[in-house]
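Only one structure is covered here, and it is reproduced in the block below.
FYI, it's all coordinate maths here, none of it is from the lab. From a predicted model like this one, the values you see are computed outputs, not experimental measurements. All Cβ positions, even for glycine, are placed from backbone atoms using ideal geometry, and neighbour counts span all protein chains on display.
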2 protein chains.
Amino acid sequence: MNEFDLIARLTRSLSTNESVVVGPGDDCAVFDQGLGDRWLLFKTDAVVQGIHFAADAAPEKIGHKALARCLSDIAAMAGTPTAAVVTLALPRKFEPEFVEKIYVGLNALAQRHGVAIVGGETTTNPGGLLISVALIGFVPRGKALRRSGAQVGDAIFVTGELGGSIAGRHLEFEPRLAEARWLAEHFSIHALLDVSDGLAGDLRHILNASHVGAQLHKSAVPISRAAKANARKGDTAKPAFVAALTDGEDFELLFTVASKAAVPLLDAWKEMFPDLKLSCIGKIIAGEGIKLRDETGIRPLTAHGYVHFS
Amino acid sequence: MNEFDLIARLTRSLSTNESVVVGPGDDCAVFDQGLGDRWLLFKTDAVVQGIHFAADAAPEKIGHKALARCLSDIAAMAGTPTAAVVTLALPRKFEPEFVEKIYVGLNALAQRHGVAIVGGETTTNPGGLLISVALIGFVPRGKALRRSGAQVGDAIFVTGELGGSIAGRHLEFEPRLAEARWLAEHFSIHALLDVSDGLAGDLRHILNASHVGAQLHKSAVPISRAAKANARKGDTAKPAFVAALTDGEDFELLFTVASKAAVPLLDAWKEMFPDLKLSCIGKIIAGEGIKLRDETGIRPLTAHGYVHFS
């Protein structure tokens, strides 16, 4: 049983109430709490030593990543984060200075995005350091970007470059909050999420939620310098394109928009975010699954994204 | 460095914003999000195998406890919980049925209190099972019960019986949500919290936040049957009164109210909650710290409540 199977079992019959607009299964939960023009967003995420960061990672970067992952999920709904609580589960022996540096990283990122860190908990975790962050935020009523709105004919876009995040980006990435809000404000985005499990896996999340398929243009998928450098390490290294499809933790935005909006969007993007690449990597088609188009033709893509504890 | 020293260091300069009414240091964070007549509450809490439950604890009870601790903090502000997210950090090998039973316990408690479980995360924790729960809730604007409002002359009350929770109650307790809301609605409660670190430790939290002292009447402190039974186990067993003062995880309500309200409150309580003991255990005095009054006189109390990783 992998992570997704287990979650599917656990979420079959969860307690709910009438305030829930979006429950488990999207990037954030969404509530209508009678706030007038706003919906409330709610998200939690954890990083664990040995899984999400190495024992020798810089503590400031560990703190940064712990919050950045959660912020990226708020971005994935085109929301604005407002407050976070932090659970710090510490090994039995730890250096207070190390923990303070974790908070330096957390705080710096929180301040850049206007997020209050309003509390949390410290506890002991015999297995090593674990940081769980919960975030609340807001989104204009009815404007939360879901995974489920992709339509046949849509153009598929992705920001930045993919793959090879493990070489360093996974500890340093800046969540795409401003970019996602700008997209939601200026274009009718049909579906959006943040790429955390790998392009292939996350695109499938959109496809499954929207009951559509996709055709990817191999040559259009933006591949990171890190993935390319890694691919040159020898015959057993992961090919760069496979890394771009399946490596986790890119934290770029993946979204679909009506094809007629594709060119105006690209033009406006270049004006607004000249330093961040935006690539049209394919289109939404009828059917299911991902088809890959390259110079040799079109074939189904079977590679999965990164699946936790498979 | 113990838990409280570390938290004090970490919370000296946290990121904040203008929506924060109560930041770190009380039972929940409180926000004014422009909700009109309501403030938003936000809380996180974690339970860890080997710290908060034994490896052989029933999974339903582990799930119950993970959520109940957080709900108890919402009760400690006299709030109403609305939604939770759950981070489940699992050992590398686990039985899916075990995890499902954790959710049975979580769900049953959530449903009783109208709380939606709206998502969460599963990840791997090499050291063993850890469950982190984050909760949001609401409280009427201006009506959140703080730790800092105790006044000289107040009567000090505690619900239930204290000590010996480890014998079973810590896995089964029902958070005192209805009781706390009833208190806030019907009486001018000056300070309130839930007893999680032991009566002595938590009373000190009220005293320090309110800049007052307390005189406890030894004979009035309600001692649990479990603490008494444990004390009979031999000369090395913890005396029952010490257990009532210092054992953690009672999750009862500890509060102060003007002395003239004490008798009306006791009378109304017996009518409303006939099955739950309410004890007046002493009074708020000028000065600092706890003084204990028994048949031999009055002396300062030096025993600390349970301090994590001291």
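One table, with the values for the structure above:
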| item | result |
| --- | --- |
| Percent RCO, i.e. relative contact order, over region B:3-140, from Cα pairs under 8 Å lying at least 6 residues apart | 32 percent |
| Separation of alpha-carbon centers, region A:159-180 and region A:187-236, rounded to whole Å | 13 Å |
| Normalised contact order of region A:155-300, rounded percent, pairs of Cα under 8 Å and 6 or more residues apart | 46 percent |
| Theoretical ellipticity at 222 nm over the protein assembly as shown - DSSP helices of four or more residues, -39500 (n - 2.57) apiece, nearest 500 | -8500 deg cm²/dmol |
| Loop trypsin sites (Lys or Arg not before Pro), region A:100-200 (other Cβ atoms within 10 Å of the site Cβ: 15 or fewer; DSSP) | A:R141 |
| Residues B:T44, A:T122 arranged by fewest to most Cβ contacts within 10 Å | A:T122, B:T44 |
| Restricting region B:11-72 to trypsin sites (Lys or Arg not before Pro) in coil, as DSSP defines it, with at most 14 other Cβ within 10 Å | B:R12 |
| Built amide H within the under 5 Å cut-off of A:I117, gap 5+ | A:A84, B:S15, B:T16 |
| Average projected area [Cα convex hull, chain A], square nanometres | 17.3 nm² |
| Over chain B, relative contact order from alpha-carbon pairs under 8 Å, at least 6 apart, % | 22 percent |
| Pairwise centroid distance, computed over Cα atoms, of region A:78-154 with region B:75-90, Å | 16 Å |
| Modelled label reach - B:H217, point 7 Å along Cα→Cβ, region B:228-259 residues with backbone N closer than 17 Å | B:255-259 |
| Nearest-first distances (nm) between copies at B:V263, label 7 Å from Cα via Cβ | 8.7 |
| Chain A - share of DSSP beta bridges that are antiparallel (%, nearest 5) | 75 percent |
| 5 Å binning of all Cα-Cα separations within region A:155-230, expressed as whole percents from 0 upward | 3, 12, 22, 25, 21, 13, 4, 0 |
| Theoretical FRET efficiency, 1/(1+(r/R0)^6), r = Cβ-Cβ of A:R112 and A:D267, R0 30 Å, to 0.05 | 0.60 |
| Separation of the B:R92 and A:I166 label points, Cα + 7 Å toward Cβ, nm | 1.6 nm |
| Cβ-derived FRET efficiency at R0 60 Å, A:A237 paired with B:H186, nearest 0.05 | 0.30 |
| Exposed GluC sites (Glu not before Pro) absent: longest stretch of chain B, with sites in DSSP loops and at most 10 other Cβ within 10 Å deemed exposed | B:19-294 |
| Whole-Å semi-axes of the ellipsoid equivalent to the protein assembly as shown (Cα gyration tensor, √5λ, descending) | 49, 24, 21 |
| For the B-to-A rotation axis, chain B residue with nearest beta carbon and its distance in angstrom | B:G127, 1 |
| Per residue Cα convex hull volume in Å³ - calculated over region B:155-300 | 114 Å³ |
| Sequence-distant residues sharing a close amide H with B:R141 (under 5 Å, placed H) | B:R38, B:W39 |
